[in-house]
Every structure is written in structure tokens, then in C-alpha cells.
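Student: I have a structure I would like to understand better, so I am pasting it below and will then ask my questions one at a time.
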Amino acid sequence: MKITVTVNGVERSGDVEPRTLLVHFLRDELNLTGTNIGCDTSSCGACTIHVEGQSAKSCTMLAAQADGLELTTIEGLANGDILHPMQRCFQENHGLQCGYCTPGMVMAAISLLDENPNPSETDVRIGLEGNLCRCTGYHNIVKSVLACAAESNGASK
Amino acid sequence: MIPAAFEYVRADSVDAALSALTKYGDEAKLLAGGHSLLPLMKLRLAAPSVLVDVGRLDDLRYINDAGDYIAIGALTRHRDLETSSLLASAAPLLAHAAGHVGDPQVRHRGTIGGSLAHADPASDLPAVALAMGATIVATGPNGTREIAASEFYTGFLESALAPDELLTEIRIPKLDTQGWSFQKFNRRAQDWAIVGVATVRANGSTGVGLVNMGSTPLLASAVMNAVNSGANAADAAALANEGTEAQSDINASSEYREHLARVLVRRSLEESGLS
């Protein structure tokens, strides 16, 4: 079946089987390999993208379900060489170890701050419950998200 | 992991969904948010030959005050429930429990109708619907009918919905809530509950729903009868396992689940204000 999605602001079409998972469509058809596959069972959050502006696990959606919708992947965040503030905060705070969970963490963290712009440390830890870091590098991930929240709150004041 | 092949039909109206169900019968499964069904299909534990996608039926995405009850459209997402100011005041147990389903990503996509219709005894919202005495509205080729939540669950992943019916609305009675509690015991934040307990004390009686204590979501009837006859929390909670058939699995033995149920029912009764 033919589907059309808007990914990172660009309309992209493809021919998929009904059973094609969204993450496979993004990675294998659109070559957007920044979205990783971790557990494949909706647990780890490595495949987190934004669907209509909200975080979602792209391994638990059919590509067919995304037809006509607006998607953002990790590739859509930076503006040329200028990183998205969340990406920069992860970089500055070393919010990663091996980096595998990072794209999903960044996407989940942006969605978290959209919903709660001024989270406590506990809010961040609970808000990222859908993302696992097998290096267990949570400390700096949480620090990165809090830094990004503080920065954008400072900028808006 | 990729599901077995199936035919995909997107319904753009309730009527279109019903026509597809009539056409494909038992072969078809309804797809709402997909966050219960797709994981099963990826594990090949479910392999429907037709998926009827009702996920775009935005007409069924609402939370309305209907006088005696709150009407919730089946396609209302967990995140909508979690953040609804109407539910926060009229049905705080439901709003709170919806905020503990899965994780944020799951709550952005998963729907209350999908969760209730999937009839997984390990899901949170069926126990809440039972405790609150919700009514489920099913729409079929001959119109709509109401099913009490207590009559809805008939077996493991089986409900009273006919193959040609679509769950369209959930009605939550407007209760004069005195106290409520949701207890969920799990190992990882986004896991299903090993055992969960939903309690609401309202209008002079107490409802207690159990998560993952049998092949269906259950009411803790013995606990409710005891509380409604004046028992204290400790004595009532001792009856938490009556009528349950807890399973053993990788997370817990049935004995452990029974122990947890007694502990969590007591905590839940106490948190909801029963001494």
C-alpha cells in the first residue's frame, strides 16, 4: 500500500506492506537511521520519534498508521550545524555513554519539556521511564534535560 | 520482530468500521492505538488476517459531562485521560491510573477503548472500570447496547463484545467520591503490574478492582462485601484472594501474587480513607 508522511518537514512517500513497522519504514525506506531499534518490544524507547508532536515508539506503530501524519526524527532537530538545544545540552553535560539510547532519549526529553517546561529532577526521571540506558548513564541524561529546561526558562524570562 | 501478514483496512467512520467487521467477521481485529495488539502481533501471539484501523475516528475522542455520568469516547488516549480537568475532579481514580499506564510514549498513542476491549487482566484500566462501576457502550449493526463493566469480561483476552461490535463509549458514573487509591506493583516503571488494585469509596459503598489476579480483570467481591458490611481495612484485605486465580509466571508465583494482593488491597483501602 502507498503511504505519504511528512518527516522533518518534508513529504515522503513509500510503498509498504501493511505489516511494515514505522521504524523499519523510516530506517530502511527513508534511510533515516538515526532512529535506533533496541528491544523491539515497546520497552526501551530507543526508537522514540515524535508523531504529531508527541513522543511515540516507532516500533509499536505500523507505517500504515502514520499515513498522512507529521513525524519528527532525530535528524529533524538540528538546524544545519546548529544543534537543537536538547542535543547541545546532552553534549555539554555528557548525557551519553555508548550513545545508542541517545536519539530516543533526546526525542522523549523534548516531548517531556513540551508537556512540563519546568520539571523537577523526579519529574524528569519519571518522565523518561519509557527509555532505557543499558550503560545506566541516567545521571547525566537527567542533568542534560534539567540544564535544557533551565536554559529555556531563563531565555523566556 | 514483524507481525504475520494481514490485510489493512482503515475505517473513516463508525459505520465503515462496522461494515468491515460484518464483512470479515472473526478474521478481523480492530486496531485503535495498537499498543496492546501490535506487541502481541509482533510476538506472533496474535495473527489476525485483517486489521480494521479505527485510530482515526476522532469523533470518538472526547470526555464529556453527560449529567449523571462522564462520557468518554473509546478513542480517547491515556494522555487525554491523565490531563483531563473534568476527570481530575469527577473521576480522579481514572485520571491517576491512566497516568500510570505504560510510559509517556505509550500513553500518547494507547486508547481507553482499546485497553478495555483488549481485556488483558494485567492492564490497569479494566480494574478501574470495574471498581468505578463503569458502563461500556457497544455499537453494532443493530444499534448500541450498554454492558456493565462487571459483565464485560468473559475470559482471557475475551469480552462480551460480539465480533461485529465496536466499543464506542465508556460511561463513568459521577460519584460523590470520599476516597480512592491506585496501587500498582511492578519491577520496571513501564511494566504491566505484577498485581494492581484500584479502589474507590463513594456514595456510601466501596469498589475494589484487581489487576492480574486471574484470567480476567476482577472485582474483589469478598473485600467489597466485607467493607460494605463494616469491616476494617485489615480484616477486609485478608479476603483479597477469594475468587481469584492468580497465575504463576516469570515475574511472580501465584502465592506471591496472593500475598501482594492482600498487602496492596489493605494499602489501597487505607489510602482511600478506610481505617
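Every number in this text was worked out from the coordinates using simple rules, so none of it is lab data. From a predicted model like this one, the values you see are computed outputs, not experimental measurements. Ideal geometry is used to build each Cβ from the backbone, glycine not excepted, and the neighbour counts take in all protein chains shown.
Student: Cβ under 12 Å from B:K29's Cβ, B:K29 left aside: what net charge do those residues give with Lys, Arg +1 and Asp, Glu -1?
Tutor: -4
Student: Debye calculation, C-alpha points only, no solvent: report log10 I(q)/I(0) for the stretch A:85-156 at q = 0.11, 0.13, 0.25 Å⁻¹, in the same order as the q values.
Tutor: One equal scatterer on each Cα of the stretch A:85-156 leads to -0.21, -0.29, -1.14.
Student: Could you list, bin by bin from short to long, the percent of Cα-Cα pairs of the stretch B:7-53 in 5 Å steps?
Tutor: Answer for the stretch B:7-53: a P(r) of 5, 24, 31, 23, 13, 4, 0 percent.
Student: Suppose R0 equals 30 Å; then what is the FRET efficiency for A:E121 and A:N79 from their Cβ-Cβ distance, rounded to the nearest 0.05?
Tutor: On the way: r = 29 Å, r/R0 = 0.97.
Computed FRET efficiency for A:E121 and A:N79: 0.55.
Student: According to a simple spin-label model (label point 7 Å from Cα along Cα-to-Cβ), what is the distance in nm between A:T41 and B:S85?
Tutor: Going by the 7 Å Cα→Cβ label model, 4.2 nm.
Student: Continuing with this model, one more query. Cα-based Rg of the protein assembly as shown per 2.2 N^0.38 Å, rounded to two decimals? Mind dumping the intermediate values first?
Tutor: On the way: Rg = 21.9 Å, N = 432, 2.2 N^0.38 = 22.1 Å.
Ratio of Cα Rg to 2.2 N^0.38 Å: 0.99.
Student: Also, quick follow-up: Counting Lys and Arg as +1 and Asp and Glu as -1, each charge on the Cβ, what is the dipole of the stretch A:2-76 about the Cα centre in debye, to the nearest 20?
Tutor: Working: 5 positive and 10 negative charges, 29 e Å.
It works out to roughly 140 debye.
Student: As a check on your grasp of the helix formula, calculate [θ] at 222 nm for the protein assembly as shown: sum -39500 (n - 2.57) over DSSP H runs of n ≥ 4, divide by the residue count, round to the nearest 500. It would help to have the intermediate numbers written out before the result.
Tutor: On the way: 16 runs with 139 residues, N = 432.
Computed ellipticity for the protein assembly as shown at 222 nm equals -9000 deg cm²/dmol.
Student: Quick test of the membrane-span-like rule: which DSSP H helices of chain B reach at least 20 Å along their long axis (C-alpha atoms) with mean Kyte hydropathy at least 1.0?
Tutor: Working: long enough: B:254-271 (25 Å, -0.92).
Span-like helices here: none at all.
Student: Please give the Cα centre distance for the stretch B:119-144 versus the stretch A:8-76, rounded to the nearest Å.
Tutor: 31
Student: What do you get when you divide the Cα radius of gyration of chain A by 2.2 N^0.38 Å, with N the number of residues?
Tutor: On the way: Rg = 15.4 Å, N = 157, 2.2 N^0.38 = 15.0 Å.
This ratio for chain A stands at 1.02.
Student: Follow-up question, since we're still on this one. Express in % the proportion of alpha carbon pairs of the stretch B:80-225 at distances exceeding 26 Å.
Tutor: On the way: 2006 of 10585 pairs.
So the portion of pairs separated by more than 26 Å is 19 percent.
Student: Springs between alpha-carbon pairs under 10 angstrom, Gaussian network model over chain B: which of B:L38, B:L30, B:L116 fluctuates most?
Tutor: Highest fluctuation among the options: B:L38.
Student: Same structure, new question: Per residue, how much space in cubic angstrom lies within the convex hull of the C-alpha atoms of the stretch A:29-76? Don't skip to the answer; put the middle values down first.
Tutor: Working: hull volume 3.7 nm³, N = 48.
For the stretch A:29-76, the hull spanned by Cα atoms encloses 77 Å³ per residue.
Student: Additional query: Would you calculate the volume per residue, in Å³, of the smallest convex hull containing every Cα atom of chain B? Don't skip to the end; give the middle numbers.
Tutor: Working: hull volume 32.1 nm³, N = 275.
So the per-residue Cα hull volume is 117 Å³.
Student: Evaluate 2.2 N^0.38 Å with N set to the residue count of the stretch B:173-275, then give the Cα radius of gyration divided by it.
Tutor: 1.02
Student: Tell me, what is the FRET efficiency for B:A160 and B:R44 to the nearest 0.05, using R0 = 35 angstrom and their Cβ-Cβ distance as r?
Tutor: Numbers: r = 27 Å, r/R0 = 0.76.
Efficiency, rounded to the nearest 0.05: 0.85.
Student: Taking the 0 to 90 degree range and rounding to the nearest ten, how far is the long axis of helix A:102-115 tilted relative to the main principal axis of chain A, both from C-alpha atoms?
Tutor: The two axes meet at around 70 degrees.
Student: Over all distinct Cα pairs, what is the inverse of the mean 1/r for the stretch B:126-166, reported as the Kirkwood hydrodynamic radius in Å? Before the final figure, lay out the partial values.
Tutor: Details: mean 1/r = 0.0942 Å⁻¹.
Radius from the Kirkwood sum: 10.6 Å.
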